[in-house]
Amino acid sequence: MMAYQWISFRTPWALVLLFLLLAGGIGTAGYFIYLDQKNGIRREKQKELLAFAELKSRTIAEWRSAFLDDAEVIFGNPLLLPLVERRLRNGAVRSSAEQELRQWITNRQRHYHYRCMTLMDLRGVPLISIPPGLDGDSLIPPRRSLLRQAVKTGKPVFSDIYRAAEGEPFRYETFIPLRDTTGGGSRIVAVMLIDADPGRTLFPLLGALPTASRTAEALLVRGVGHEVVYLNEPRYPRAAGLPGRSRGREQQVASAAVSGREGLIEGLDYRGVPVIAAVKGIPGSPWSLVIKMDRDELDAPVRDRARLLGGIVVVLFLATGMCVWLVWRQARLGFYRELYEAEREHRAAALEAGRELQLKQQELEALNRSLEERVREELERNREKDHILIQQGRLAAMGEMIGNIAHQWRQPLNVVGLLIQSLSEYSRNGELTEEHLEDTARHAMEVIGYMSRTMNDFRNFFRPDKEKTEFFIREVVERSISFIQPHFHYHDIEVKLLITDGLKANGYPNEYSQVLLNILGNAKDIFLERGTGRPAITIRAYEAGGRTVVSIADNAGGVPENILARIFDPYFTCKRSGDGTGLGLYISKTIIEKNMNGRLTARNNGSGAEFRIEV
């Protein structure tokens, strides 16, 4: 009895420890799942903001370009000036020239949805205004200054987006001088004023965000000295003050935008509320677009997901506790049942007890054999599954490493092969000299040394103990070119170097060389595939914005636009089957952006593709 009592006393503590271990595992798993969900939601929202900013910035640039183009068309219109001169000669008389002029201005004002088009003389006196009645404020101070500038320079002059006073509409105007160039002269006879009405044509484009959000907002801003100027109506005007008025740069997001920063920015907006914003400069203008969302709204799905995960974890805690309690209770019931059976067996007759005991023992042995057999089978199946998974993991890792090394070794092996073939050619032609043999052997050993370094670089690729060093760009570029120079010479590929002397970079020179070789090798392959006449590669290196920039441009016709955005994806290749693994540019981008904190981009420059490395 004492032995049974000791077991029943110890068993609950073991189950409590088991419960604590399971609860800890559930809590830890729930926490990591929450972190993953949180990061995923934030990344998705940030991608949306960046996409909206890119879309809206292009739309604004197109709107502004259309306005500027129309101004240039009017400025260079040879048919407009005769009508204006006839109107000036006839005065205010309703002549056919004035009717034609009014009809032309009316058609253009309606077509482009301008607020107003006004023909005025050189003093700013309105002659014709479409629609009538909107020229009363034609000599307000901003317009007076722009009018004088247009008359003085003889070219169209554009204003910024502004409003004359509180409650007034926003304006975006141009003054177009109309010149008489007949007889070899150039005389300004009148000025055409166009008000583009941004409140009707531009601001609706800013307000139409393709997302259901209660705080998302698009702002158009620019900087004036140390001030931020809001060019459109904010969503919260009471908090922001008068739209269009210069405000101090205490707003972190707007200040960062007008200072030239782009991308994702976290900080305070004009209300002093923490936000996450996507900032994009408008090409060809001093404007910057800010698309922002309150961080509280951005984190709302995260909080909802946290509550859901918290509820699930609590339910799992309770279920685990209930299961452990049931196991403990069942164990205690079994314990007391065994005690009762044992006592009854001891009190029963010896023969009957012996038979029953023997029967129970046989049943127990059969059950134990069955359980042992099933446990053994399950263990075997699990071991087999584990073995298969381990083998698959090893094969996947080995295949990835072999594929990476094969991609890096393909071109050096071709170079070694060409060197060996050149020895055979020189020997067959009787031109093989000891000096040429030594040069070829030295070059081959350099390539083999590079292949060895490639193996070491792949082995050490993700080790955190690699140290960055400062190296000369020219040395690394020339060394990289030397590895594949025989290939380029054989195929008449010209390489032009435009590198600033003494230019340095900080990073890993061997990995940097691998990136250059990947790009140069791809250029060579595309030359051969397309049969480019007079193939040439231009390598420029210079310093810009505190970074060292190396651009590699070819004349092979460029990358098709439908795949340009995918060329850095892993396993993506546009070569024939078996000619590439699709890892070269992916690894190059990883080396530059992950290991060296730089940037690797690609674009088409008209004659071919251009890769830009910034470190």
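Return yes or no: is Ser57 over 27 Å from Arg187 (Cβ atoms), open to solvent by less than 70 Å² (accessible area, probe 1.4 Å) and among the polar types (S, T, N, Q)? Here the answer is yes, as Ser57 does meet what is asked. Based on this model, can you work out whether Ile526 counts as β-branched (Val, Ile, Thr), at pLDDT 90 or above and open to solvent by less than 10 Å² (accessible area, probe 1.4 Å)? No; evaluated as a whole, the condition is false for this residue. Do we have Lys38 as within 26 Å of Leu206 (Cβ to Cβ) and either at pLDDT below 85 or among the small types (Gly, Ala, Ser) (or both) here? It is false that Lys38 is within 26 Å of Leu206 (Cβ to Cβ) and either at pLDDT below 85 or among the small types (Gly, Ala, Ser) (or both). If you check Glu593 against the conditions, is it within 18 Å of Ile484 (Cα to Cα), among the charged types (D, E, K, R) and open to solvent by 10 Å² or more (accessible area, probe 1.4 Å)? Answer is no for this residue. So, Ser422, is that one in contact (Cβ under 8 Å) with a residue 60 or more places away in the chain and over 44 Å from the mean Cα position of the chain (by Cα) or not? Judged against the criteria, Ser422 is a match.
Glu345 falls short on exactly one of the conditions (1) at pLDDT 85 or above; (2) in contact with an Asp or Glu (Cβ under 9 Å, 6 or more places away or on another chain), and that condition is (1). In region 132-148, is there at least one residue being open to solvent by less than 40 Å² (accessible area, probe 1.4 Å), modelled with pLDDT of 85 or more and more than 15 Å from Ile176 (Cα to Cα)? No, because not a single residue in region 132-148 is open to solvent by less than 40 Å² (accessible area, probe 1.4 Å), modelled with pLDDT of 85 or more and more than 15 Å from Ile176 (Cα to Cα).
Contact map, region 497-509: first residue open to solvent by less than 40 Å² (accessible area, probe 1.4 Å), second residue part of a loop (DSSP other than H, G, I, E, B), Cβ cut-off under 6 Å, separation 6 or more or different chains; pairs are Ala505/Val615; Gly507/Lys468; Gly507/Met596; Gly507/Val615. Does Thr548 count as crowded, with 17+ Cβ neighbours inside 10 Å and part of a loop (DSSP other than H, G, I, E, B)? So Thr548 fails the test. When Ala444 is tested against (1) in contact with a Phe, Trp or Tyr (Cβ under 8 Å, 6 or more places away or on another chain); (2) modelled with pLDDT of 85 or more; (3) in a helix (DSSP H, G or I), just one condition goes unmet, and that condition is (1). In region 79-107, the residue that is surrounded by the fewest Cβ atoms within 10 Å (Cβ to Cβ) out of those that are of a type in the set (D, E, K, R) and over 12 Å from Ile128 (Cβ atoms) is Arg89.
Within region 270-304, the set of residues being assigned to a loop (DSSP other than H, G, I, E, B) and within 17 Å of Gln46 (Cα to Cα) comprises just one member, Asp299.
On the basis of being at pLDDT 80 or above, among the small types (Gly, Ala, Ser), in contact with a helix residue (DSSP H, G or I) (Cβ under 8 Å, 6 or more places away or on another chain) and open to solvent by less than 70 Å² (accessible area, probe 1.4 Å), does Ser370 make the cut? Taking the combined requirement at face value, the residue does not satisfy it. Residues that are among the β-branched types (Val, Ile, Thr) and under 21 Å from Val476 (Cα atoms) were ranked within region 425-454; the one that is farthest from the chain's Cα centre (by Cα) is Thr440.
Is there any pair with a first residue in region 352-381 that is part of a helix (DSSP H, G or I) and a second that is surrounded by fewer than 10 Cβ atoms within 10 Å (Cβ to Cβ) whose Cβ atoms are under 8 Å apart and which are 6 or more apart or on different chains, and what are they? Filtered contacts from region 352-381: Ala353/His346.
Scanning region 537-554 for residues that are closer than 25 Å to Val415 by Cβ and in contact with a Phe, Trp or Tyr (Cβ under 9 Å, 6 or more places away or on another chain) gives Ile537, Val550, Ser551, Ile552, Ala553, Asp554. Does Gly334 meet the test of being surrounded by fewer than 18 Cβ atoms within 10 Å (Cβ to Cβ), assigned to a helix (DSSP H, G or I), at pLDDT 80 or above and not β-branched (Val, Ile, Thr)? Spelling it out, it is not the case that Gly334 is surrounded by fewer than 18 Cβ atoms within 10 Å (Cβ to Cβ), assigned to a helix (DSSP H, G or I), at pLDDT 80 or above and not β-branched (Val, Ile, Thr).
Within region 49-87, being touching a Leu at 6+ places or on another chain (Cβ under 8 Å) and without any contact (Cβ under 8 Å) to a residue 24 or more places away in the chain holds for one residue alone: Leu83.
Only one entry in Arg307, Arg295 is at pLDDT 80 or above, within 23 Å of the chain's Cα centre (by Cα) and open to solvent by 60 Å² or more (accessible area, probe 1.4 Å), namely Arg295.
If you check Leu219 against the conditions, is it closer than 30 Å to Gln46 by Cβ and at pLDDT 85 or above? Considered against the rule, which asks whether it is closer than 30 Å to Gln46 by Cβ and at pLDDT 85 or above, Leu219 comes out as yes. If we keep just the residues of region 551-579 that are of a type in the set (D, E, K, R) and closer than 30 Å to Ala505 by Cα, which is surrounded by the fewest Cβ atoms within 10 Å (Cβ to Cβ)? Among residues in region 551-579 that are of a type in the set (D, E, K, R) and closer than 30 Å to Ala505 by Cα, the one surrounded by the fewest Cβ atoms within 10 Å (Cβ to Cβ) is Arg566. The listed residues are Phe461, Phe483, and the only one of them that is on the phi < 0 side of the Ramachandran plot, assigned to a helix (DSSP H, G or I) and modelled with pLDDT under 85 turns out to be Phe483.
The values are calculated or read from the model by the stated rules, or taken from the named source; none is laboratory data. Just so it is clear, the model here is predicted, and its values are computed rather than measured. Note that we place each Cβ from the backbone using ideal geometry, even for glycine, and neighbour counts take in every protein chain shown. Side chains included, ligands, DNA and RNA excluded: accessible areas come from the protein's heavy atoms. Shrake-Rupley method; radii C 1.70, N 1.55, O 1.52, S 1.80 Å.
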